[in-house]
Structures are given as C-alpha cells and as structure tokens.
Amino acid sequence: MVADLNDRQFALDEPLSPELVLVLPPEIRAQVLRSLGPPRWPTPRSRDTTPPAAPAREPLARSLGMLLVARTAQLGVIFATVTILTLAMSLVAYAFR
C-alpha cells in the first residue's frame, strides 16, 4: 500500500482530507502541501459608513400597555399551572388516603 501511495500522483483539483494528508509519507505530504500554494484569506466585507436611520419612536402609553398585557398573560399562565398542579396533587393525596 505504501508503494501505491508513493507511485500515485495527486490531481491539483482532487480534494484531500486532513486525515489523508497526515498519513501520507513525508515526501508525498510535502509535494501535496507545495501544490496547495500559499493560503488565501477571504477579503473582508466593506463596512457601511452611513449612520443607521433613527428608529420610529413608539408612544410611551402603547409600550407600557403592551408590557403590562404581556406580563399579565405570563402571570395568568403561571397561576393556572400552579392551580392545576395543586389540584392534581391533592387528588393523588386523597386517593392514597
């Protein structure tokens, strides 16, 4: 198998996994690494220098109203969950009595 690897010529467009390159004999490994050429780093994207548009301001009353409705709904779900669990545990306790 080593002779097969020594005699083999790799194509330039043939993808080589890192694991395969690690197990190659040193001569072939050096040949493959030379054929890769220098590393090419991706070019960074240009940054947009225009300032972001100011967000539209929402009325304070609407923001607070939405916050209050959301919090009330959360507390309602918590209350319902705790009530259902309490009733279920009391039924289980009553059944074991």
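Read-outs throughout are calculated quantities, based only on the coordinates presented, and are distinct from any laboratory measurement. Everything quoted here is computed from the prediction, not taken from an experiment. We place every Cβ from the backbone using ideal geometry, glycine too, and count neighbours over all the protein chains shown.
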Self-check item: Spin-label model distance (nm) - residue 43 vs residue 89, 7 Å beyond Cα toward Cβ
Solution: 6.5
Quiz prompt | Packing-based ranking, highest mean first, of 77-83, 40-46 given that Cβ atoms within 10 Å are counted | solution = 77-83, 40-46
Practice problem: Could you run the Karplus curve 6.51 cos²θ - 1.76 cosθ + 1.60 with θ = phi - 60° over the range 84-89 and give me ³J(HN,Hα) per residue in whole Hz, x for Gly and Pro? | Solution: 5, 5, 5, 5, 5, 5
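Given the peptides 49-57, 68-76, arrange them by the average over their residues of other C-beta atoms within 10 Å, most packed first. Mind showing how you got there, number by number?
Values: 49-57: 5.9, 68-76: 10.0.
Output ranking for 49-57, 68-76: 68-76, 49-57.
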